[in-house]
Amino acid sequence: MERAIRAAGGKSGVLRLGMLSSNVQDFRPLLDAFHARHPACEARIRYVGFGDPFGPLREGEVDVQIAWLPVREADLTVGPVVRVEPVVLAVGAGHRLAGREAVSYEDLAEEVVIGGARPDYWRQALVPACTPSGRPIRIGPVVTAESELLPILSNGEAVALVHSHAARYHARPDIAYVPVRDAPPARWALLWRTAAETDLIRSFARAARSLAT
């Protein structure tokens, strides 16, 4: 029945794209490039939580996903990098660090940092376990989606290391975004389940590579 409905609307296929963030507009050129290659295919966006970021891929709920690196999962293929951006610290507007031009990881030894991303190695790419001098970074409230960060930040309960697009998509008077000067740029890439690779997935990856050249 679903195939018949798509056919009636002039669509012959579906590619489900999993996203951890709400910055769909940043990937509009990629979606447009894919649609130009496959005008009869519909791309659908599905949001994926931080607590089980690779589960929807493994369960077949999405076909391809955008996630920050590194990803070290034996059953998943890491495709082309589709975005590189800075890491920033999100804090409540009244927080002691809110007025800084920049902060460092060392500043986080005195803070509680929002956690929740799994597995640990993947979280630590964004939220390290300790500062450069070896002091532990306390991981506090657990969240599984972007929207859950906002009230915790606004209330001053904790701070969060986030990607810079958050400052545009979640600009609010009660939250400040401060650059982290010693954080390496975050790299986002396409992922898919190796055993479930299809022609559409390969074409989506080729569209991403064409935009990077």
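The values are calculated or read from the model by the stated rules, or taken from the named source; none is laboratory data. On a predicted model such as this, the values are computed, not experimentally measured, just so you know. Don't worry about glycine lacking a Cβ; one is built from the backbone with ideal geometry, like all the others, and counts go over all protein chains shown. Just so you know, the surface numbers come from the protein's heavy atoms only, side chains and all, with ligands and any DNA or RNA stripped out. Shrake-Rupley method; radii C 1.70, N 1.55, O 1.52, S 1.80 Å.
Overview of results
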| quantity | calculated |
| --- | --- |
| Options 194, 198, 213; residue that is polar (S, T, N, Q) and either at pLDDT below 95 or on the phi > 0 side of the Ramachandran plot (or both) | 213 |
| Search result, residues across the stretch 146-163 that are more than 18 Å from residue 95 (Cβ to Cβ) and touching a strand residue (DSSP E or B) at 6+ places or on another chain (Cβ under 7 Å) | 163 |
| Tabulated pairs, the stretch 146-175, first closer than 20 Å to residue 53 by Cα and assigned to a loop (DSSP other than H, G, I, E, B), second aromatic (Phe, Trp, Tyr) and open to solvent by 10 Å² or more (accessible area, probe 1.4 Å), C-beta under 8 angstrom, 6+ apart or interchain | 164/177 |
| Tabulated pairs, the stretch 193-213, first more than 14 Å from residue 43 (Cβ to Cβ), second open to solvent by less than 80 Å² (accessible area, probe 1.4 Å) and charged (D, E, K, R), C-beta under 9 angstrom, 6+ apart or interchain | 193/63; 193/75; 194/75; 195/75; 196/63 |
| Candidate set from the stretch 45-60 (those that are open to solvent by 10 Å² or more (accessible area, probe 1.4 Å) and farther than 20 Å from residue 83 by Cβ); member that is modelled with the lowest pLDDT | 51 |
| Positions within the stretch 130-145 being of a type in the set (Gly, Ala, Ser), assigned to a loop (DSSP other than H, G, I, E, B), open to solvent by less than 50 Å² (accessible area, probe 1.4 Å) and over 17 Å from residue 22 (Cβ atoms), in sequence order | 134 |
| Which numbered condition residue 56 misses (of (1) assigned to a loop (DSSP other than H, G, I, E, B); (2) over 19 Å from residue 186 (Cα atoms)) | (1) |
| Count of the stretch 182-209 residues which are polar (S, T, N, Q) and over 21 Å from the mean Cα position of the chain (by Cα) | 2 |
| Per-region count, the stretch 147-185, residues closer than 17 Å to residue 18 by Cβ and surrounded by 18 or more Cβ atoms within 10 Å (Cβ to Cβ) | 2 |
| Total residues in the stretch 176-213, condition of a type in the set (Val, Ile, Thr) and in a strand (DSSP E or B) | 2 |
| Single residue of the stretch 37-61 satisfying the filter (among the small types (Gly, Ala, Ser) and in contact (Cβ under 8 Å) with a residue 12 or more places away in the chain) that is nearest to residue 72 (Cα to Cα) | 51 |
| Selected residue [within 28 Å of residue 191 (Cβ to Cβ) and of a type in the set (A, V, I, L, M)] from 142, 91, 103, 112 | 142 |
